[in-house]
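Participant: The following block contains the structure, expressed as structure tokens.
The values are calculated or read from the model by the stated rules, or taken from the named source; none is laboratory data. Everything numeric in this text was worked out from a predicted model, so none of it was measured. Note that each Cβ is placed from the backbone with ideal geometry, even for glycine, and that neighbours are counted across all protein chains shown. The protein model used for the area step is the full one, side chains on, heavy atoms only, and it has no ligands, DNA or RNA in it. Shrake-Rupley method; radii C 1.70, N 1.55, O 1.52, S 1.80 Å.
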Amino acid sequence: MKDVVISGSGVFTPASIVTNEELVASYNQYVDLFNAENAAAIAEGEVVAMEYSSCEFIEKASGIKSRHVLYKEGILDPNVMQPVFAKRGEDEIPEMVEMAIVAAKEAMAQAGKTAADIDLIICAASNIQRAYPALSIELQQQLGAAGYAFDMNVACSSATFAISNAVNAIRGGMAKVVLVVNPEFASPQVNYTSRDSHFIFGDVCTATIIETTDTCTADNSWKILGMSLKTEFSNNIRCDVSYTDHCHPEVDPLTPFFKQQGRKVFKELLPIVADVILTEMARLDVAPDDLKRLWLHQANINMNVFAARKILGREPEAGEAPLVLDTYANTASAGSIIAFHQNKQGLTAGDKAVLCSFGAGYSVGCLVLERYR
Ligand SMILES: CC(C)(COP(=O)(O)OP(=O)(O)OC[C@H]1O[C@@H](n2cnc3c(N)ncnc32)[C@H](O)[C@@H]1OP(=O)(O)O)[C@@H](O)C(=O)NCCC(=O)NCCS
């Protein structure tokens, strides 16, 4: 079996930042407007008064301090409460492809590859901006790559599942050098009027290059020792938007938005995550003490610390399980790849690490890695 490596990574980070303070201030203004408009119905007990959000709660419950967004305008306006941006036409590049071009170029430069080397592009994200033609094929055209391309979606596990597809395509002889991009344009799926979830997501795009050790020339590359994917159906994280919605005028206006039962997710998903990682490590004869880094999905600081403890069998030391949640928030499938991209330095050949995503589905994608060069 061919040795396959992640030979490059890249991240596109939108320039605009929304802090918790800004987000909570606008949310609380929205609450005041709502409660004033509905004062009579609230007094009659027909409408439930909205409660304030708080920065203290958000930081303690999630670890998030701020997030990057593509379009800040509208999000902080209590009369708008959503990103405001023009719909792009057929002759314009959609946001997700635009983000992916930047991340892809960084990953390709790290890997020492040009578009001419790439023969498969996988665009994997929690939301795909249009049904077809595939965004990945437009990205292929923009980069000037040959071969084939496709889009896929396994929510927060999209990146790891896509990397496993890339590995299998390489091992099956379908491709030699694969570009995986994860444009997570998450802000439009956030219900900024929901106290439970208005703080959760940020926008970002990550990219990785996957190839064999035969073609790898990169300095900092990571051999994929093993991969394990698992899914188990759950309704606890959902987004119901569908191309059939226009056939159902009764569709709930909240349909396009992300919704979750956060507590249940926390309780139900973590045991699956720990089991998938520990089973794959045991299969590969990798002991917890062998691990130098855990690049975990970034949804919640408490979840990450809990998972790291389960895997290592002790408290994680500073830098062992790096967090990017504080400045990026939850970036769906891109989170573990940002953690990898920003924290893959300072290790030597032979060092082992785990990269793992988890989320809606439920889905868990675990890669056990070893520094190759
Ligand atoms: C979403 C999440 C951060 C919420 O944290 P939590 O500790 O579970 O918080 P809860 O929803 O149970 O709410 C706790 C309390 O805070 C309150 N609260 C909720 N949102 C609040 C906000 N924005 N500001 C202030 N208080 C808030 C709740 O009303 C509740 O009050 P109560 O105890 O009086 O009933 C957390 O559950 C989580 O991250 N879960 C995992 C989610 C996940 O990984 N999802 C994958 C998505 S890709």
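Participant: Out of the residues in the range 245-265 meeting the condition of being in a loop (DSSP other than H, G, I, E, B) and over 21 Å from ALA125 (Cβ atoms), tell me which one is farthest from the ligand (Cβ to nearest atom).
Facilitator: The extreme case among them is PRO249.
Participant: Would you confirm whether or not the range 168-179 contains a residue that is buried (at least 21 other Cβ atoms within 10 Å of the Cβ), on the phi > 0 side of the Ramachandran plot and in contact (Cβ under 8 Å) with a residue 60 or more places away in the chain?
Facilitator: No, the range 168-179 contains no residue that is buried (at least 21 other Cβ atoms within 10 Å of the Cβ), on the phi > 0 side of the Ramachandran plot and in contact (Cβ under 8 Å) with a residue 60 or more places away in the chain.
Participant: Need pairs with beta-carbon distance below 9 Å; first residue at positive phi and within the range 298-325, second away from the ligand (no atom under 15 Å from the Cβ); sequence gap 6+ or separate chains.
Facilitator: Correct list of pairs: GLY313/PRO288; GLY313/ASP289; GLY319/ARG293; GLY319/ASN343; GLY319/GLY346.
Participant: Among the candidates ALA318, ALA282, ALA334, ALA353, which residue alone is within 16 Å of the ligand (Cβ to nearest atom) and of a type outside the set (Lys, Arg)?
Facilitator: Criteria check complete, one pass: ALA334.
Participant: Return a yes/no flag: does the range 14-32 have any residue that is assigned to a helix (DSSP H, G or I), open to solvent by 70 Å² or more (accessible area, probe 1.4 Å), within 15 Å of the ligand (Cβ to nearest atom) and under 30 Å from LEU367 (Cα atoms).
Facilitator: The answer is no, given that none of the residues of the range 14-32 is assigned to a helix (DSSP H, G or I), open to solvent by 70 Å² or more (accessible area, probe 1.4 Å), within 15 Å of the ligand (Cβ to nearest atom) and under 30 Å from LEU367 (Cα atoms).
Participant: I'd like to check something: does the range 61-79 contain any residue that is touching a Lys or Arg at 6+ places or on another chain (Cβ under 8 Å) and either free of Cβ contacts under 8 Å to residues at least 12 places away in the same chain or farther than 30 Å from THR212 by Cβ (or both)?
Facilitator: No - not one qualifying residue is present in the range 61-79.
Participant: Kindly evaluate SER242 against the criterion of being more than 26 Å from GLN342 (Cβ to Cβ) and either open to solvent by less than 10 Å² (accessible area, probe 1.4 Å) or modelled with pLDDT under 95 (or both).
Facilitator: Against the criterion (more than 26 Å from GLN342 (Cβ to Cβ) and either open to solvent by less than 10 Å² (accessible area, probe 1.4 Å) or modelled with pLDDT under 95 (or both)), SER242 qualifies.
Participant: Go through the range 184-214 and give me each residue that's within 16 Å of the chain's Cα centre (by Cα) and more than 16 Å from the ligand (Cβ to nearest atom).
Facilitator: Answer for the range 184-214, where residues must be within 16 Å of the chain's Cα centre (by Cα) and more than 16 Å from the ligand (Cβ to nearest atom): CYS205, ALA207, THR208.
Listed here are the residues, each with its yes/no results for (1) hydroxyl-bearing (Ser, Thr, Tyr); (2) under 25 Å from SER357 (Cα atoms).
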residue: GLN142; (1), (2): no, no
residue: SER158; (1), (2): yes, yes
residue: ASN168; (1), (2): no, yes
residue: GLY172; (1), (2): no, yes
residue: VAL177; (1), (2): no, yes
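Participant: If you don't mind, another one. Among the residues in the range 158-180, are any polar (S, T, N, Q), in a loop (DSSP other than H, G, I, E, B) and modelled with pLDDT of 95 or more?
Facilitator: no
Participant: Tell me the helices (runs of 4 or more DSSP H) entirely within the range 48-153 that contain at least 2 residues that are within 16 Å of the ligand (Cβ to nearest atom) and open to solvent by 70 Å² or more (accessible area, probe 1.4 Å).
Facilitator: 55-62
Participant: Let me ask another. Quick one: which of THR213, THR217 is within 30 Å of THR114 (Cβ to Cβ), among the β-branched types (Val, Ile, Thr) and open to solvent by 40 Å² or more (accessible area, probe 1.4 Å)?
Facilitator: THR217
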